[in-house]
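Colleague: Starting off with a structure, shown below.
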Amino acid sequence: MNLKKAGFSTRAIHAGERTEETGSVTTPIFQTAPFEFKNAAHAARVMGGKEKGYIYSRGLNPTTEVLEEKIANLEYGEAALAQTTGMAAISAAVFSKIKANDHVIADEVLYGNTYDLFVDLKNFGVNVSFIDTTYPENVENAFMKNTKLVFFETPANPTMKLTDIHAVSDIAHDRNAEVFVDNTFMTPYFQQPLLHSADVVVHSATKYLNGHGDTLGGLIISNSEFIKKARHTSKNVGGAISPFNSWLILRGMKTLPIRMDRHNENAMAVAKFLKMNERIDKVIYPGLADNPQYDLARKQMSGFGGMIAFTLKEKADVSVFLDSLKLCTLAVSLGETATLIQHPATMTHAVVPKEERIRYGITDELIRLSVGIEDVSDIIGDLEQALDKTG
Ligand SMILES: Cc1ncc(COP(=O)(O)O)c(C=O)c1O
């Protein structure tokens, strides 16, 4: 069957999968560091790049290769590279693109460690401007002669603001720069940045792609030339994922469509509930019709996902609320079966200096909710009883 033309669920299950010599229906875990060469001549051909072959799992591993082929298919990329964490994927992608004296434009709202990585790039002679990429004109104005890269998440973690992928890509391409999009929150099920002209997609596969909160992983998807460069960077930096973790993510990805539909449905119901609650000040969920970016969400996303940001009214006590929850788990991370809740100011975004954090909308009142796939009445019931305690 031509999997390029198959539906998303079919591709999530079958793309990249191989029937091995054993007839194993599921992908085997090739838990090995090196691979044996057939003879010295074979070694010379494979090592010299004249023949494809497995050498050492830091560069290429058959289990991981299935994961790479599957995500490349789902994101409409030519190729992909799997890494041990989302941060390893982001850094390998960035280090494969930029060098000293380059300039990078990054959205000001990013996952805390991604933000910190861009801050650290200054130590390597790379100049980074943090701006609000929500407004394409800001991107245009931030361009310098040496700008090589525009990087953003959409929706952004944790404020849920969106960036117009197509508009920013057009601006960047007119100026010989590339656009990298962190698609962790939407997954390729709801958003395919490469189809909106982005150049590179990165993921924390730790989140929805794996979906069960039991492994870390990262992915880079792009054209074959870029992935070749990223694989070279990864070999030197050493970010390869373990075959077992690749296998866990492969297993998770087979149910991605049904999980994402349920996350989406549950999050919509929870967002509507929060909106009506008197103790809540603001609810930011792209699927709410009164969200100022609702039209953009509809344009570039085919669903709204499971992530919600909200603020309690000033007098309500965030700690009392969080400590009163009985079902929702107080934990960082997101995109797994269980509902996870966290306080960005003191948790995922504690690395962002307070003044900047507040300027970017990551206020002390902001709470991030990763709506799980439990029965939605139980999630809402738990949130309601905890909100009542904040009196
Ligand atoms: C949007 C986003 N990108 C990247 C990362 C980093 O991923 P990992 O924790 O797998 O390194 C995270 C982690 O929370 C994230 O939320």
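Where a number appears in this text, it was derived from the coordinates with a stated rule and is not lab data. Note that the coordinates shown come from a computational prediction; the quantities given were computed from them, not determined experimentally. FYI the Cβ positions are ideal-geometry reconstructions off the backbone, even for glycines, and counts take in every protein chain you see.
Colleague: With θ taken as phi - 60° and the coefficients 6.51, -1.76 and 1.60, list the Karplus ³J(HN,Hα) couplings across the stretch 7-24 in order, rounded to whole Hz; mark glycine and proline as x.
Modeller: Result, rounded to whole Hz: x, 4, 5, 5, 5, 4, 7, 9, 4, x, 5, 10, 8, 6, 3, 6, x, 4.
Colleague: Each residue of the stretch 212-225 in turn: what ³J(HN,Hα) in whole Hz from Karplus with 6.51, -1.76, 1.60 and θ = phi - 60°, glycine and Pro shown as x?
Modeller: Once rounded to whole Hz, the list reads 10, x, 10, 7, 9, x, x, 9, 10, 10, 6, 7, 4, 5.
Colleague: May I ask which residue of Ile105, Val181, Thr27 lies farthest towards the positive end of the charge dipole of the stretch 3-253, with charges of +1 (Lys, Arg) and -1 (Asp, Glu) on Cβ and the Cα centre as origin?
Modeller: Of the options given, the answer is Thr27.
Colleague: As an exercise, use a Förster radius of 45 Å and the Cβ-Cβ distance of Thr26 and Val351 to find the FRET efficiency, rounded to the nearest 0.05.
Modeller: The computed FRET efficiency comes out at 0.70.
Colleague: Want the number for Ala100 to Tyr294: 0.36 nm per residue separation, take away the alpha-carbon distance, what's left?
Modeller: That works out to 66.0 nm of additional length.
Colleague: Quick one: how many lysine pairs in the stretch 247-391 have C-alpha atoms under 26 angstrom apart, if they're 8 or more apart or on different chains?
Modeller: Qualifying lysine pairs in the stretch 247-391: 24.
Colleague: Take the stretch 348-388, drop everything but the C-alpha atoms, weight them equally and run the Debye formula without solvent; then report log10 I(q)/I(0) at 0.16, 0.20, 0.21, 0.24 Å⁻¹ to two decimals.
Modeller: At q = 0.16, 0.20, 0.21, 0.24 Å⁻¹ the computed log10 ratios are -0.59, -0.72, -0.74, -0.80.
Colleague: Amide H to amide H under 5 Å from Asn291: which residues, 5+ apart in sequence or cross-chain, H placed 1.01 Å off N in plane?
Modeller: none
Colleague: Dipole magnitude of the stretch 1-128 about its Cα centre, charges +1 at Lys/Arg Cβ and -1 at Asp/Glu Cβ only, in debye to the nearest 20?
Modeller: 420
Colleague: Using Cα-Cα distances under 8 Å and only pairs 6 or more residues apart, what relative contact order does the stretch 256-389 have, in percent?
Modeller: The normalised contact order for the stretch 256-389 reaches 29 percent.
Colleague: Applying a 10 Å radius around every beta-carbon, put 220-227, 372-379 in order of their mean neighbour count, most first.
Modeller: With the highest mean Cβ count within 10 Å placed first, the list reads 220-227, 372-379.
Colleague: Per-residue HN-Hα couplings for the stretch 182-192, Karplus 6.51 cos²θ - 1.76 cosθ + 1.60 at θ = phi - 60°, whole Hz, x for Gly and Pro?
Modeller: For the stretch 182-192, the Karplus curve yields 7, 9, 4, 5, 8, 6, x, 5, 10, 7, 10 Hz.
Colleague: Amide H of Ile280: which non-local residues (sequence gap of 5 or more, or other chain) have their own amide H closer than 5 Å, using H built in the peptide plane?
Modeller: Lys313
Colleague: Based on Cα coordinates alone, diagonalise the gyration tensor for the chain, multiply each eigenvalue by 5, take square roots, and list the semi-axes in whole Å, largest first.
Modeller: Those come to 36, 26, 18 Å.
Colleague: If you don't mind, another one. What is the extension gain from Lys275 to Asn146, computed as 0.36 nm multiplied by their sequence separation minus the C-alpha to C-alpha distance, in nm to one decimal?
Modeller: 42.0 nm
Colleague: Over 17 Å apart: what share of the alpha carbon pairs of the stretch 254-345 falls there, rounded to a whole percent?
Modeller: The share of Cα pairs beyond 17 Å in the stretch 254-345 comes to 55 percent.
Colleague: Please list 155-162, 364-371, 310-317 highest first by mean number of surrounding beta-carbon atoms within 10 Å per residue.
Modeller: Ranking, from highest mean packing down: 155-162, 364-371, 310-317.
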